[in-house]
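Readers should treat all values here as calculations from the given coordinates under stated rules, not as data from a laboratory. Just so it is clear, the model here is predicted, and its values are computed rather than measured. Heads up, the Cβs are rebuilt from the backbone with ideal geometry, glycines too, and the neighbour counts pull from every protein chain shown.
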Amino acid sequence: MVVRINPSILAADFANFESELQRIASADLVHVDIMDNHFVPNLTFGLTMVERLQQVTPRPLDIHLMIDDPDRWAPGYAEAGAFSVTFHAEAAADPVALARRLRSIGARAGIALKPDTPVEPYLELLAEFDQVLVMTVEPGFGGQSFMESTMPKLGAMRSAIAASGLDVWLQVDGGITEETVVTAAESGADTFVAGSSVFHADNPATAIEILRSAASAHSH
């Protein structure tokens with residue numbers, strides 16, 4: 001299985017984004033957390049910032065929308081050129097229609113599930129999505145501890161993806177370290193968002209390679 005490491009710029013130095021992006025040029029994608037201070041109790045970036053990041057990023061952008069009303073706002077991120085746009089199941093009025101709209105614009109469509117959100121309603125809808133993000137922390141802030149209690153959800157989603165034969169990426173986000181990336185890989189994840197463990201390392205490129213190697217050794 002192909003393993004992808006997507007560093008989260010939530011842990012980067014906001015004053016030096018362009019040079020920070022170059023430090024993670026060996027990553028697979030760049031994960032961008034959009035928070036609106038409504039869906040989650042934090043405020044980060046918006047569409048104008050993403051349009052600028054799109055101009056300087058060395059890797060495709062993996063947008064994670066932790067916002068209310070993604071049905072209205074998510075298409076703008078696809079139109080800005082983002083490679084992948086993930087919205088939250090808990091926030092979308094019509095997840096399938098929104099995913100189809102994102103795909104029609106040319107982006108990969110992802111759906112994210114908070115730790116307490118069951119996966120079962122989405123197992124039959126996998127053909128509508130290119131990525132499922134199982135949150136391994138409560139969304140809102142970086143630097144939180146990995147919730148191992150979310151691993152059964154990950155396993156159930158991996159089984160459904162395998163049975164479907166579809167190319168759906170299974171992403172985890174929250175508390176991903178050299179240790180927890182193994183746990184998540186063993187449970188079926190193939191795409192890993194890491195913030196602090198990459199950007200706070202002395203050498204982010206080395207940190208990315210360590211995570212990739214650890215996940216690859218334990219992936220399905």
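What to note about this one:
- Amide N proximity, segment 54-84 versus residue 37 label position 7 Å along Cα-to-Cβ, cut-off under 15 Å: 67-68
- Comparing mean-square fluctuations of 48, 86, 191 from a GNM of the chain with C-alpha springs under 10 Å, the top value falls on 48.
- Neighbour counts of other Cβ atoms within 10 Å put 102, 47, 113 in the fewest-to-most order 47, 113, 102.
- Exposure proxy shown here: for 14, 192, 83, 141, the number of other Cβ atoms within 10 Å sets the order, fewest to most, as 14, 141, 83, 192.
- Backbone phi angles across segment 86-93, fed through the Karplus curve with coefficients 6.51, -1.76 and 1.60 (θ = phi - 60°), yield HN-Hα couplings of 10, 10, 8, 4, 6, 9, 7, 6 Hz in residue order; Gly and Pro are listed as x.
- Pair residue 209, residue 13: separation of 7 Å Cα→Cβ label points (nm): 2.2
- Candidates 175, 188, 155, ranked by Gaussian network fluctuation over the chain, Cα under 10 Å, top entry: 155
- For the chain, size of Cβ-based charge dipole, Lys and Arg +1, Asp and Glu -1, in debye: 420
- Of 121, 70, 41, the one that fluctuates the most in a GNM where the chain has Cα springs shorter than 10 Å: 121
- One decimal place: the segment residue 220-residue 145 gains 24.6 nm when fully extended, by the rule 0.36 nm per residue minus the C-alpha distance.
- Relative contact order (%) - segment 4-218, alpha-carbon pairs under 8 angstrom, separation at least six: 20
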